[in-house]
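Novice: I am attaching a structure below and will ask some questions about it afterwards.
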Amino acid sequence: MEKFISHTGTGVPLRRSNVDTDQIIPAVYLKRVTRSGFEDGLFAAWRNDPEFVLNQPQYKSGTVLVAGPEFGTGSSREHAVWALQNYGFKAVISSRFADIFRGNSLKGGLLTVILPQQAVEALWVAIESDPTTQIKVDLDSRTVSYGSTSVAFELDDYTRWRLMEGLDDIGLTLKQTDAIDSFEAKRPDYKPKTLPIRI
Amino acid sequence: MGKTLAEKIWDDHIVRSAAGEPDLLYIDLQLIHEVTSAQAFDGLRLAGRKVRRPDLTIATEDHNTPTLDILKPIADPVSKLQIDTLRNNAKEFGIRIHSLGDADQGVVHVVGPQLGITQPGMTIVCGDSHTSTHGAFGAIAFGIGTSEVEHVLATQTLPSTRPKMMAINVEGKLKTGVTSKDIILAIIAQIGTGGGQGYIIEYRGSAIRELSMEGRMTVCNMSIEAGARAGLIAPDQKTFDYIKGKPHAPEDFATAQSYWQTLFSDSDAKFDLEITLDADKLEPFVTWGTNPGQGLPLNGSVPNPADIKDAEARGAAERALEYMGLTAGTPLKKIAIDTVFLGSCTNGRIEDLRAAASILEGKKIASTLRMLVVPGSERVRQQAMKEGLDKVFLDAGAEWRNAGCSMCLGMNPDQLAVGERSASTSNRNFEGRQGKGGRTHLVSPLVAAATAIRGTLSSPADL
């Protein structure tokens, strides 16, 4: 995974709440067996609308999505994270994220930043009044800054460390193989197994 | 201080815990399907890793499979590639798979319980948010993304942060015609799509105890629609009886059961949040909007956004009414339906089919709509045919299909057309969920069947 320390880019104001993962990428786009190429499906239903924020020329090169509350609810599809990343987003800011989406994003290096709704509204206003506003999302100092504004956000130390080091979660867990082995040795026999097959 | 049911199970699965880090949880079972696994297997191959416990892993094909002509080659080449990729991965990594045509093919959350492989006290994951279904057995079961699928394949563990604990007490007795689906839709309408965020919900109370295992699965299934990480119900005699005799029931059933009987929230356990719902007052419920929290009793009317105080909720309601093509004040029972979908991991089990068939028996569906009946698994389909339910549906004018996720998410050819309106026993009414431009009303199997007969949203009492 690429290290995430800091990102600076322009923003895209998505003034909607409850943007579920079916909106981020509809099911018909989930048939690929790779991790790339999902940008075509990103917000597919809304992309037909010329008024939709991603279709407005001033937001074309935005890399920081600023969305309403309850972003990423619904399906666990990690394709939603891939679609946002494939399109070019590096960070998503919202006042509330659905748990699975947030977990997926932080595993995959898409930084999801929780700011108070008031700060999200202020950021929307700033972006809309000047779409070239540079937004800096800094993991080192755990702040989002633009113009003269700087807002702190919370992220647990462990996740922050993993993202800043670009560490692979599986590699970290495999260092605990001895602990897994000894846990397994004590598992009760009545726990079900899928093999051999019983019918 | 005592522990909640979920805390007991969580603590029993901690491989390692360290201050400032997520707990490393052991995973007892991973369920695999074609849509969220291909990239995980690719990751294993790239890193030269194996599946640590193929014997705690099981795969089936469900999301992307056709429900017609299942034994012919899949027509859509992209869908075919995804299914073939799963089959090849299962073979390469030694994982058990139930493919189209097999009795245990079907929606992954129907298959686990029917095999008896879903048991109390387990940790169960799947790259699918409706994994919470398995919580009905008193297990911690939750949906994960593809990176986590790969993590569990490689290590049989998952680093996880302990969620908060919520109790939802549903006390009292349901009226005739009110079902488990109505309980969960009412809960989501009350706490909202984010109300469960960060929590594991334990459903308790006399109305929950009274539900069958399949009814409990319906409730736990939609925990994710309230935003919860998982939902569960303490196991009891009904749970034990359901598992007994299933292919993968424990050989030493007595030992297993004596452990299962310890799985309940202690009387002095502390929940971070407790909510109580009066079962006596519940009515058949239906959604009117584009998220599962936008629901009302079927006797109500389409709400007027102007009456909603919260600006955010008001805006969402306005957008929802526009998308749904509804006018504020319209009685919900006046809404005409084009397609009725009976199926999914929420309501595609044998009891759901029996309930709908009991309403449809000897009747015809309205000439203005179509009805799709999609059993949750091939085994459910066979059982229904043994009971003659297929004939009831066909005689009524419905379509009798093969098992899979089908129109719940519209990934296979079973989709709504633009502007088409469904009454669906599934779990999500998101914009375009069942097909681009499609409009979804979530309902119980009883309401689905009554609606099919009358052509407008209806409960059996309206017949």
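Novice: Quick one: check the C-alpha center-to-center distance for the stretch B:146-183 versus the stretch B:65-80, whole angstrom.
Specialist: Using only Cα atoms to place each centre, the spacing works out to 32 Å.
Novice: On to the next question. What does the charge count near residue B:296 come to, summing +1 for each Lys or Arg and -1 for each Asp or Glu among other residues with Cβ under 12 Å from its Cβ? Don't skip to the answer; put the middle values down first.
Specialist: Details: positive: B:333; negative: B:182, B:283.
Net local charge, residue B:296 excluded: -1.
Novice: Can I ask one more? Taking the Cα centre of the stretch A:26-84 as origin, sum charge times position over the Cβ atoms of Lys and Arg (+1) and Asp and Glu (-1), and report the length of that vector in debye to the nearest 20.
Specialist: 240
Novice: Could you let me know the centre-to-centre spacing of the stretch A:39-63 and the stretch B:402-463, using Cα atoms, in angstrom?
Specialist: 29
Novice: Expressed as a rounded percentage, what relative contact order does chain B have, with Cα pairs under 8 Å and six or more residues apart?
Specialist: 17
Novice: Any idea what angle helix A:99-108 forms with the longest principal axis of chain A, computed on alpha-carbon atoms, 0 to 90 degrees, nearest 10?
Specialist: Approximately 90 degrees, to the nearest ten.
Novice: Quick one: net charge of residue B:147's neighbours, Cβ under 9 Å, K/R +1, D/E -1? Provide the component values of the computation, followed by the final result.
Specialist: Values: positive: A:107; negative: A:78, A:169, B:148, B:150.
Counting the neighbours of residue B:147, the net charge comes to -3.
Novice: What length, rounded to one decimal in nm, is gained on full extension from residue B:161 through to residue B:241, with 0.36 nm per residue of separation minus their alpha-carbon distance?
Specialist: That pair, residue B:161 and residue B:241, stretches by 25.5 nm at full extension.
Novice: Then there's this: Find which of A:50, A:129, A:23 sits farthest along the positive direction of the dipole of chain A, computed with +1 on the beta-carbon of Lys and Arg, -1 on that of Asp and Glu, about the Cα centre.
Specialist: My answer, from the dipole projection, is A:23.
Novice: Give the distance, in whole Å, between the Cα centre of the stretch B:239-305 and the Cα centre of the stretch A:73-99.
Specialist: 29
Novice: Hey, if you put +1 on the Cβ of every Lys and Arg and -1 on every Asp and Glu Cβ in the protein assembly as shown, which of B:2, A:141, B:78 ends up farthest toward the positive end of that dipole?
Specialist: In the protein assembly as shown, that residue is B:78.
Novice: Right, here's the next one. Restricting to Cα pairs below 8 Å that are 6+ residues apart, what does the relative contact order work out to for the stretch B:25-75? Please round to a whole percent.
Specialist: Values: 30 pairs, mean separation 24.9, N = 51.
Computed value for the stretch B:25-75: 49 percent relative contact order.
Novice: To continue, here is another question. Using R₀ = 30 Å, calculate the FRET efficiency as 1/(1 + (r/R₀)^6) where r is the Cβ-Cβ separation of residue B:171 and residue B:261; round to 0.05. Please list the in-between numbers first.
Specialist: Numbers: r = 23 Å, r/R0 = 0.77.
Step by step, r from the Cβ atoms, then E = 0.80.
Novice: Let me ask something else. Can you list the aspartates and glutamates whose alpha carbon sits under 14 Å from that of residue A:193, skipping same-chain ones fewer than 8 residues off?
Specialist: Residue A:193 reaches A:184, B:28, B:55, B:251, B:252.
Novice: With springs only between Cα atoms under 10 Å apart, run a GNM on chain A and tell me which of A:64, A:53, A:144 wobbles the most.
Specialist: For chain A, modelled as a Gaussian network with Cα springs under 10 Å, the answer is A:53.
Novice: Run down the lysines and flag those whose C-alpha is under 21 Å from the C-alpha of residue A:3, throwing out any fewer than 8 positions away in its chain.
Specialist: Partners within reach: A:90, A:107, A:136, A:175.
Novice: What is the sum of charges, Lys and Arg at +1 and Asp and Glu at -1, for the other residues whose Cβ falls under 10 Å from the Cβ of residue B:98?
Specialist: Taking every other residue near residue B:98 into account, the sum is -3.
Novice: A further question on this structure: List the lysines whose alpha-carbon lies under 21 Å from that of residue B:364, not counting same-chain residues fewer than 8 positions away?
Specialist: B:333, B:334, B:391
Coordinate-derived values only; no laboratory data. This is a predicted model, so every value here is computed, not measured. Note: ideal-geometry Cβ built from the backbone for every residue, glycine included; neighbour counts use all protein chains shown.
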